[in-house]
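The values are calculated or read from the model by the stated rules, or taken from the named source; none is laboratory data. Keep in mind that what you see is a predicted model, and the values were worked out from it rather than measured. We place every Cβ from the backbone using ideal geometry, glycine too, and count neighbours over all the protein chains shown. Only protein heavy atoms, including side chains, enter the accessible area calculation; ligands, DNA and RNA are left aside. Shrake-Rupley method; radii C 1.70, N 1.55, O 1.52, S 1.80 Å.
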Amino acid sequence: MAADKVYRVLSMYKQMLDGGVVDKDEAAERYDVNVRSILRDIADIREFMEMRSLQTGDRNTVIYDRSQKGYRIKVLQSDRD
């Protein structure tokens, strides 16, 4: 069961890193879990990104984009610029 969650979270994270948008309803159906599980997964990804920002200086987060009707990564600040 834990391996399923790891795969699901990493797959959604990769999708967002690649510029994609995660629709919570589609993701819930794809991974055969409820929407609350997907929302917890997105919160986990957001928390990971916040912790990682302490190491890298890059500040990114996951936001809900109304125009695309899904969750995506937003770059708040990058030390690489």
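The table below gives the values:
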read-out	value
Every pair of residues 6+ apart whose Cβ atoms lie under 6 Å, when the first sits in segment 5-16 and is surrounded by 19 or more Cβ atoms within 10 Å (Cβ to Cβ) while the second is of a type in the set (Lys, Arg)	Met16/Arg72
Tabulated pairs, segment 35-55, first farther than 15 Å from Asp4 by Cβ, second in a helix (DSSP H, G or I) and among the small types (Gly, Ala, Ser), C-beta under 8 angstrom, 6+ apart or interchain	Val35/Ala28
Some residue of segment 27-37 being in contact with a strand residue (DSSP E or B) (Cβ under 9 Å, 6 or more places away or on another chain) and not in a helix (DSSP H, G or I)	no
Scan of segment 47-62 for residues that are in a helix (DSSP H, G or I) and crowded, with 16+ Cβ neighbours inside 10 Å, ordered by number	Met49, Ser53
Among residues of segment 63-81, those that are in contact (Cβ under 8 Å) with a residue 24 or more places away in the chain, of a type outside the set (A, V, I, L, M) and either open to solvent by 50 Å² or more (accessible area, probe 1.4 Å) or out of contact with any Asp or Glu (no Cβ under 9 Å at 6 or more places or on another chain) (or both), counted	4
Residue in segment 11-25 that is modelled with pLDDT of 95 or more and either over 15 Å from Tyr71 (Cβ atoms) or in contact with a His (Cβ under 7 Å, 6 or more places away or on another chain) (or both) present	no
